[in-house]
Structure formats: C-alpha cells, structure tokens
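I have placed the structure first, in the form of structure tokens, so that the comments after it can refer back to it.
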Amino acid sequence: MSHAVVQDARPATPAPRKGSLSHRALPRWAGVGFAAVSIALAVGIGLAFDLHSKVQWGLIAALLFIAVSYAVTTAVENKRQAKDRVATSLVWVCFILAVIPLASLLWTTISRGTKVLNGYFLSHSMAGVPGFETGGGVYHALIGTLEQVGLATLISAPLGLLTAVYLVEYGKGALAKSVTFFVDVMTGIPSIVAGLFILTLMLMFELQPSGFMGSLALAILMMPVVVRSTEEMLKLVPNELREASLALGVPKWRTIVKVVLPTAIGGITTGVMLAIARIAGETAPIMLLVFGSQLINTNPFEGAQSSLPFYIWEQYRVGSDAAYDRAWAGALVLIAFVMILNLVARGIARWKAPKTGR
C-alpha cells in the first residue's frame, strides 16, 4: 500500500513546452520533398505564364524551394530550425547553380566529341587532309601536348618545390619577402605575357620556333602555382614532427627529405597536377612560340609542333562541319588527358602517403 502511495506521489512528467528540445521534427527526406514540390510549382508557373526559358523555371524553383523550406519548417518545428534549414537550402541552391554549367559543358563536349573520336582519330595526324573534309586525327597534337607539358613540368616542378622548401623551412628577411612578392605577382600573369617574354629571347638569340620554346613559357605559368600549393602543404605539416626528428640529432636537410616531404607528398602531388591542368589548355604561348604543324614532330627541340589547344582553335577557325567535329573531339581528348593525370596523381599520393599504424 505504501509503495502504491509513493508511486502516486511522484510528480507527473510535464508536457513539452514550445521552444524546448522535445518537439516535432521533419523527416530526413523532407528536403527531397521540398525540392519535388518546388520543381512542380515552377513548371506550373512557367506553363501558366508561357515562360519559354528553362533558366527562368530553374530560378523560380530555387526561390520556391527556399520559401517552402522556411514555411514548412516554421510550422512543424520552430523559427530557429527554419533559419537553419534556409541556410542549408541556400548552400544547396548555390551548389546546384555552380554544377549545372559544368555538367552542361561536359555533356555537350561528350555528345559532340564522340562523333569522330575513335582509334583512327587518335592515331593519325592532319597531314594531307584538307580542313573542310572529313578524316584526319589528333595524334600530332597529342604528341606535342605530352612533350611540351612534360618538359614544362620537369623544369618548373623541381624549381617550385625547392623554392617552397626555402620559403617554409629557411626563408627569413628581405630575400624571402621578395620571393613571396614575385611569386604572388607571377600567379596572375597572363599567358600571352609569358609567351612574349620567351619570344623576345628567341628574337635576341635568333632561335627557331619549337616545342621547347613553348615549354619555357608554360613553365613560367606553372611555377608560381607549384610554389604556392607546395608552400601551403608544407605549412600543414605539424612542427612536432620536425622537432622530434631534430631532437634525435637528425640534420635539418635530412628531416626535410625524410619527414616533411613524405608527410606532405599527397598535397604536393595534387598541387603539381593542378598546375599541369592550368597549362594544358594554354593556346597563346603555343601560337607565338611553336607555330603549330599538321605533321607529326616528335622532336620538341627542333621544328614547329602542334598541341591540343592549338588544334582545337585551328579546327574551329576552318568553320566546316567536319572541322567542328574534330574540334569537339580534340576538346574531349584534352579533358580526358587532364582527368587521367588527376587520377594518376591521386594514385601516387595514396601510394606514397605515410602509413599509419594502430
């Protein structure tokens, strides 16, 4: 009897108050539902007002998505959660608006570039093929791009890496500030300026156009990207690792080679790949220094060469349907080239990354 009285004497659990942590919540799929409702309403509004532009439909759907998210969340949960959902909705809307042009460009390039992209196109040049006729290929331009970008990487990657190591590990005083200043200035230099600089040297020393001349201009464009990305990756290496190595009596140069660089190798490789992607699509230096060629030239140190960007511009300038198809196919090859480089870089970074044990 006394036990029952004790149970009856316990205070009743108060009902959840408005604004407390115990309140109704929307399901996880609410955002998908809001998006579906917004798209349906936007389509209805577009048809009702005879809006022909799909861009207008998309903007209306984005605004409705934000408004519906705020209204429903306010009614079901509270205003604080509604503001949080509005912020999340804005992030999603901005993300989609940024991805749509990229996806559209990629789809257009694939759909139009696959018309003539085959083994023949990749293994033949444009030698003896008039620009307004079908046939020909991109082999000579692909060889030129591989050699020119490869030489530029061999020049700029070691110099950029050593410069970044100096700035992070040794750089102090006026010299380091001057190097940092010039690296920042070179980061935004137009490609035509780099081409004109090498062209001036060619005229001074009476040098002939070649793939190597183009590689020098590309190296100028690539070097500041390598320096800046490598510098940031080296700064992310914890100082405790350096201090532990130095405390064991390891020289500083050996600490950099055996501890610092292996720790940051993933980010350094990614930065180099970004720099390669930066120069792979440059056309102006190639036009000035390499001149372009319809023939296959595997010697980058002698004679005119072509490249994928120059090939795309050259075919577009012809203006025929066959040339347009070759231009789109060349653009697709260039995109695939950069994508393969990034995949290889990720594989190397994962392979060379320090192994962590339990």
Area projected by the alpha carbon convex hull of the chain, averaged over all directions, nm²: 33.8
Debye log10 I(q)/I(0) for the stretch 295-337, one point scatterer per Cα, at q = 0.23 Å⁻¹: -0.78
Radius ratio Rg over Rh of the stretch 139-352, counting only Cα atoms, Kirkwood formula for Rh: 1.05
Helix runs (DSSP H) in the chain reaching 18 Å along axis by Cα, Kyte-Doolittle at least -1.0: 30-48, 54-76, 79-113, 139-165, 173-187, 191-205, 211-235, 261-280, 321-352
Fluctuation leader among L142, L295, L236 - the chain, Gaussian network, Cα springs under 10 angstrom: L236
Residues T114 and D321, FRET efficiency given R0 of 25 Å [Cβ-Cβ distance, rounded to 0.05]: 0.95
In order through the stretch 293-301: 3J(HN,Hα) via Karplus (6.51 cos²θ - 1.76 cosθ + 1.60), integer Hz, x for Gly, Pro: 7, 7, 9, 7, 10, 8, 9, x, 9
Stokes-Einstein D for the stretch 26-113, Kirkwood Rh over Cα pairs, 25 °C, 0.890 mPa s (µm²/s): 173
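Values quoted throughout were computed directly from the atomic coordinates according to the rules given, and no laboratory measurement underlies them. No experiment lies behind these values; they were computed from the predicted model shown. Every residue, glycine among them, receives a Cβ derived from its backbone with ideal geometry; neighbour counts consider all protein chains shown.
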